[in-house]
Amino acid sequence: MKILVVDDEEDVKSLFEQKFRKEIRSGQFQFSFSFSGEEALSYLQAHPSEVVMILSDINMPGMSGIELLRKIRTDHPAAPPQVMMITAYGDSANHDQAMQLGADDFLTKPVNFVELKEKLLSIL
């Protein structure tokens, strides 16, 4: 499964590669990383049918994860069927807005990787 992780924190790449080392090695998961909403949209345009899951941070400079979600759902209807939002702020306003815009799930930071792995495996 190809997963696009969108987060302005660049250390998230090594964290995901470490936490999913076994799944990456076995070919179960394949991760790509974008460090802004704009970069994520460019990636989706270049690889329209590859990505099956997006994990996006909400609070990013420039385009927020909420704006990215809105663009994916309106401009890229053939884009990933699954979008999970990740935020350090588990407030209900962000949660409600993300769900209204079509998010499939909502996680809070710090990410519980055991829970995330279970969710991803259930989608396979």
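The values are calculated or read from the model by the stated rules, or taken from the named source; none is laboratory data. Worth saying up front: this structure is predicted, and the values here are computed from it rather than measured. Every residue, glycine among them, receives a Cβ derived from its backbone with ideal geometry; neighbour counts consider all protein chains shown.
Scanning segment 41-70 for residues that are more than 18 Å from ASN94 (Cβ to Cβ) and assigned to a strand (DSSP E or B) turns up just one, MET53.
The rows are residues; the columns are (1) assigned to a loop (DSSP other than H, G, I, E, B); (2) surrounded by 14 or more Cβ atoms within 10 Å (Cβ to Cβ).
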position: GLU23; (1), (2): no, yes
position: GLU39; (1), (2): no, yes
position: ILE72; (1), (2): no, yes
position: HIS95; (1), (2): no, yes
position: VAL111; (1), (2): yes, yes
position: GLU118; (1), (2): no, no
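Go through segment 44-83 residue by residue and tally those that are hydroxyl-bearing (Ser, Thr, Tyr) and modelled with pLDDT of 95 or more. Before you say what the answer is, go through the steps one by one.
Filtering segment 44-83 down to residues hydroxyl-bearing (Ser, Thr, Tyr) leaves 49, 56, 64, 74.
Still in the list and also modelled with pLDDT of 95 or more: 56, 64.
Here the count works out to 2.
Is it the case that segment 97-111 has a residue that's of a type in the set (S, T, N, Q) and closer than 19 Å to PHE16 by Cα? Scanning segment 97-111 turns up at least one residue that is of a type in the set (S, T, N, Q) and closer than 19 Å to PHE16 by Cα. Output yes when any residue across segment 26-45 is in contact (Cβ under 8 Å) with a residue 12 or more places away in the chain, touching a helix residue (DSSP H, G or I) at 6+ places or on another chain (Cβ under 6 Å) and of a type in the set (S, T, N, Q), and no when none is. Yes, because at least one residue in segment 26-45 is in contact (Cβ under 8 Å) with a residue 12 or more places away in the chain, touching a helix residue (DSSP H, G or I) at 6+ places or on another chain (Cβ under 6 Å) and of a type in the set (S, T, N, Q).
Does GLU9 count as of a type in the set (D, E, K, R) and under 15 Å from the mean Cα position of the chain (by Cα)? The answer is yes for GLU9. Could you check, for segment 84-101, whether at least one of its residues is closer than 18 Å to PHE35 by Cα, at pLDDT below 90 and not β-branched (Val, Ile, Thr)? Checked segment 84-101: at least one residue is closer than 18 Å to PHE35 by Cα, at pLDDT below 90 and not β-branched (Val, Ile, Thr). Scanning segment 25-37 for residues that are over 17 Å from MET85 (Cβ atoms) and in a helix (DSSP H, G or I) gives a single hit, ARG25.
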